[in-house]
Amino acid sequence: SQQGEEDPQALSIQEGENATMNCSYKTSINNLQWYRQNSGRGLVHLILIRSNEREKHSGRLRVTLDTSKKSSSLLITASRAADTASYFCATTSGGSNYKLTFGKGTLLTVNP
Amino acid sequence: DGGITQSPKYLFRKEGQNVTLSCEQNLNHDAMYWYRQDPGQGLRLIYYSQIVNDFQKGDIAEGYSVSREKKESFPLTVTSAQKNPTAFYLCASSPAGNTIYFGEGSWLTVV
């Protein structure tokens, strides 16, 4: 079963613009993570936000979490062509931090 | 180099054959995972293991089997019972939950 749902499914922007992707989930979570995947490659961890946190930053990335709305957003500022990839949110819930459930991802294309 | 190594990168399976995908990690992580990814889709959990000699079914375990005899190794066998095995398979590991680290994946195609 898929816990997270990313929105939009695809996003195309110009270099230098900001990109915002959203993730909604269904049940209470322990934490929420964002991953990036270049085509045909493994996933790379970007950032983890715990259920008691509201915002985290890492370089050009900003993640917010609204547990009342069961949603998170990933903002990439000043995008670059190299940011072109699929972005996935993933959650853990219940008594386990081992079982990570992924959404279907947002395909971001940054045009030079 | 530390990391997760999956092999082979590309594998072809004939109908009715079992095939095994290898996954080795030298990160000293306790937990290991296998995910399946279909084109344009997210990842679905096949099996995961929190410690040696123990593993749990994920969301789509039917037609797959695993073993965890060593901490470093978590091979996945795709059996003939898996009727639609063509997919991208990703192995991952983590230090007791939280952030997980992925290998580069293996493409399996049925011919």
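No lab work stands behind these numbers, since they all come straight from the coordinates. What you see is a predicted model; the values in this text were computed from it and never measured. All Cβ positions, even for glycine, are placed from backbone atoms using ideal geometry, and neighbour counts span all protein chains on display.
Table for the structure above
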| quantity | calculated |
| --- | --- |
| Cα gyration tensor, the protein assembly as shown - rounded (a/c under 1.5), prolate or oblate | prolate |
| ³J(HN,Hα), Karplus 6.51/-1.76/1.60, whole Hz, each residue of region A:98-104, x for Gly, Pro | 8, 8, 9, 10, 9, x, 8 |
| Chain A - percent relative contact order, Cα under 8 Å, separation 6 or more | 39 percent |
| Charged-residue dipole, Cβ positions (Lys, Arg, Asp, Glu), region A:18-66 about Cα centre, Debye nearest 20 | 140 debye |
| Residues listed by number, region A:86-109, amide nitrogen under 17 Å from A:GLN14 label point at 7 Å toward C-beta | A:109 |
| Dipole magnitude of the protein assembly as shown about its Cα centre (Cβ charges: Lys, Arg +1; Asp, Glu -1), debye to nearest 20 | 200 debye |
| Distance between modelled label sites at B:PHE12 and A:THR27, nm, 7 Å Cα→Cβ extension | 4.2 nm |
| Within 10 Å of each Cβ in A:99-110, the average number of Cβ atoms from other chains | 4 |
| Only Lys, Arg (+1) and Asp, Glu (-1) charged, at Cβ; region B:22-111 dipole about Cα centre in debye | 140 debye |
| Computed over chain B: relative contact order in percent, which uses C-alpha pairs under 8 Å that are six or more apart | 35 percent |
| Dipole-positive endmost among A:ALA78, A:ASN111, A:ASN38 within the protein assembly as shown (Cβ charges, Cα centre) | A:ASN38 |
| Cα centroid separation - region B:58-111 against region A:12-44, whole Å | 22 Å |
| Peptide A:62-69, shielding by other chains (average Cβ, 10 Å cutoff) | 0 |
| For peptides B:3-13, B:34-44, B:20-30, sequence by mean Cβ density within 10 Å, most packed first | B:34-44, B:20-30, B:3-13 |
| B:THR5-B:LYS70 pseudo-label distance in nm [points 7 Å out on the Cα-to-Cβ vector] | 1.0 nm |
| Region A:46-78-region B:11-34 distance, computed between alpha-carbon centres (Å) | 32 Å |
| Burial ordering of A:MET21, B:MET32, fewest other beta-carbon atoms within 10 Å first | A:MET21, B:MET32 |
| 28 Å Cα-Cα reach of B:LYS71 towards lysines, excluding residues that sit fewer than 8 places from it in its own chain | A:LYS99, B:LYS9, B:LYS57 |
| Three-way shape label, chain B, alpha-carbon gyration tensor, a/c 1.5 | prolate |
